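The values are calculated or read from the model by the stated rules, or taken from the named source; none is laboratory data. All values reported here derive from a predicted model rather than from experimental measurement. Here the Cβ positions follow ideal geometry from the backbone for every residue, glycine too, while neighbour counts run over all protein chains shown.
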Amino acid sequence: MSQTTPPTSATRRALVLFSGGQDSTACLAWALQRYARVETVGFDYGQRHAIELTQRLVVLAELRRRFPQWCERLGEDHVLDLGILGQISSTALTDDRQFELQANGLPNTFVPGRNLLFLTLAASLAYRRDIDVLVGGMCETDFSGYPDCRDDTIKSQQVTLALGLGQRMTIETPLMWLDKAATWDLAERLGGPALVELTVQHTHTCYLGERGELHPWGHGCGHCPACDLRRRGFEGYSTKQR
């Protein structure tokens, strides 16, 4: 009896959780190098830095313009309304609050259940669109201790999603063990200086949504936790390039 050949990365389809930030842009480029068809999904959850919802469209347009070899693989973009997450959360990402550590040791930028919800809804969308790979920028190396970014959490959810959907659903996290400097390096390896330049000019990471001054590492306020991490990563990457 003949066996069905399992799908390979050359024939499989992927859905990238794409915010328009540095990490998700690197993940999108990573997926475009590997999968036959790649779609993107973003989430509007009432985030203070809602400018990312605008910038993600700019990044997608720039990717199509600067990387014609990826154009045919880059499919539809989706945005899901998750306003309920902002309504039930009280965090520095959804409210006008100072950034600080909480009593449990986590920063108040932690939105409880955010990645769990993102992955569940992305899996539902992927199921409907005959996609069996999710790609996310979760990272356990340069992170703020968010429990839903841990490798164990992602692996557990992959199993749960497959059981709940009744079919395989692979979650890929190409940045899981990379620090920010290595993420900049990955962008260069995937798309050369052009992808690094695109990341600097057009991606958005700043928690305050600042798009004013263009620093060597990109736009941002320069002092929020996201800007600080991105800046230090770029400085480490630049030092290795010398």
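Does at least one position in segment 218-239 carry a residue that is in contact with a His (Cβ under 9 Å, 6 or more places away or on another chain), more than 23 Å from Arg65 (Cβ to Cβ), among the aliphatic types (A, V, I, L, M) and surrounded by fewer than 21 Cβ atoms within 10 Å (Cβ to Cβ)? Checked segment 218-239: no residue is in contact with a His (Cβ under 9 Å, 6 or more places away or on another chain), more than 23 Å from Arg65 (Cβ to Cβ), among the aliphatic types (A, V, I, L, M) and surrounded by fewer than 21 Cβ atoms within 10 Å (Cβ to Cβ). Candidates are the residues of segment 189-217 that are crowded, with 17+ Cβ neighbours inside 10 Å and free of Cβ contacts under 8 Å to residues at least 40 places away in the same chain; the one that is farthest from Gln22 (Cα to Cα) is Glu210.
Name the helices (runs of 4 or more DSSP H) wholly within segment 144-242 that hold at least 1 residues that are farther than 27 Å from Tyr45 by Cβ and not small (Gly, Ala, Ser)? Outline the logic, then answer.
On the way: elements: 151-165, 180-202, 225-241.
Answer list for segment 144-242: 180-202, 225-241.
When the criteria are applied in full, Asp185 fails the requirement of being surrounded by fewer than 17 Cβ atoms within 10 Å (Cβ to Cβ) and within 17 Å of the chain's Cα centre (by Cα). The one condition from (1) surrounded by fewer than 20 Cβ atoms within 10 Å (Cβ to Cβ); (2) farther than 19 Å from Gln55 by Cβ; (3) touching a Phe, Trp or Tyr at 6+ places or on another chain (Cβ under 8 Å) that Pro174 does not meet is (1).
The set of residues in segment 173-225 that are in contact with a Gly (Cβ under 6 Å, 6 or more places away or on another chain) and among the basic types (Lys, Arg) contains only Lys180. Residues that are surrounded by 18 or more Cβ atoms within 10 Å (Cβ to Cβ) and modelled with pLDDT under 95 occur at least once in segment 117-124. The set of residues from segment 117-143 being part of a helix (DSSP H, G or I) and among the hydroxyl-bearing types (Ser, Thr, Tyr) comprises Thr120, Ser124, Tyr127.
Taken over segment 31-77, the criterion of being within 20 Å of Thr173 (Cα to Cα), within 15 Å of the chain's Cα centre (by Cα) and surrounded by fewer than 19 Cβ atoms within 10 Å (Cβ to Cβ) is satisfied by Asp77 alone.
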